[in-house]
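Read the structure below first, then the notes.
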Amino acid sequence: QVQLIESGGGLVQAGGSLRLSCAASGQSFSDAAMGWFRQSPGKEREFVAAHSGSTETTYYADSVQGRFTISRDRAKNLVFLLMTELKPEDTAVYYCAARSPGYGWLSVQRNAYDYWGQGTQVTVSS
């Protein structure tokens, strides 16, 4: 019933931009914190960005600060990740994550999120 589906991944050149989208269904996540994580082969899934469920507070990993922007459309159950100035090291599978409804405090911890999408591949070439 609950699904998070990412889209917008693809192949881009270094320095380019890409916008990822996450569509949630099955229940409303309007008051739930949402996050983006990424994972490269042989590495642990790492935090990228998060958005509070109750305010416009956001938080970013140091590696993407100033380049990525997380936003959301609560009414439509959508979350976005605008990625600019992309680098080859940004190459990874990107996952959308949601906390349970009512849990609005953002977190950088994987285990704080109860729902996950299946991921979308982002490849940045040099």
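Treat every Asp and Glu Cβ in the chain as -1 and every Lys and Arg Cβ as +1, leave all other atoms uncharged, and give the resulting dipole magnitude about the Cα centre to the nearest 20 debye.
With Lys and Arg at +1 and Asp and Glu at -1, about 120 debye.
For the chain, with all protein chains present and a 1.4 Å probe, just round the carbon and sulfur fraction of the accessible area to a whole percent.
47 percent
Cα-based Rg (one decimal) and Dmax (whole number) for the chain, in Å?
So, for the chain, Rg and Dmax equal 13.5, 42 Å respectively.
Tell me the net charge near Asp62. Cut-off is 13 Å between Cβ atoms, Asp62 excluded, with +1 for each Lys or Arg and -1 for each Asp or Glu.
Residues close to Asp62 contribute a combined charge of -1.
Over the alpha-carbon set of segment 56-102, divide Rg by the Kirkwood Rh and report the Rg/Rh ratio to two decimals.
0.98
Would you mind pulling out the separation of the Cα centroids of segment 1-41 and segment 45-89, in Å?
9 Å
Which residues does the label zone of Ser63 cover in segment 80-95, counting backbone N under 18 Å from a point 7 Å along Cα→Cβ?
Under 18 Å, as judged by backbone N against the label point of Ser63, lie 81-95 of segment 80-95.
Over the chain, what is the mean sequence separation of C-alpha contacts under 8 Å (at least six apart), divided by residue count, expressed as relative contact order in percent?
This gives 37 percent for the chain.
Return the sequence-ordered ³J(HN,Hα) values of segment 104-113 in whole Hz as given by the Karplus equation 6.51 cos²θ - 1.76 cosθ + 1.60 applied to θ = phi - 60°, using x for Gly and Pro.
Rounded to whole hertz, the list is x, 6, 5, 8, 9, 8, 4, 6, 7, 9.
Please give the length that would be gained between Glu56 and Gln121 if that part of the chain were fully extended, namely 0.36 nm times their separation in residues minus their C-alpha to C-alpha distance (nm, one decimal).
20.7 nm
Can you give the three extents of the C-alpha atoms in segment 1-69 along their principal axes, from longest to shortest, in whole Å?
That gives 36, 26, 25 Å along the principal axes, largest extent first.
Is any residue of segment 55-85 close enough, with backbone N under 20 Å, to a label point placed 7 angstrom from the Cα of Glu46 along the Cα-Cβ axis, and if so, which?
Correct set: 59-70, 81-85.
The values are calculated or read from the model by the stated rules, or taken from the named source; none is laboratory data. Note that the coordinates shown come from a computational prediction; the quantities given were computed from them, not determined experimentally. Counting neighbours? That spans all protein chains shown, and the Cβs are built from the backbone with ideal geometry, glycine included. Keep in mind that these areas ignore ligands, DNA and RNA; they rest on the heavy atoms of the full protein, side chains included. Shrake-Rupley method; radii C 1.70, N 1.55, O 1.52, S 1.80 Å.
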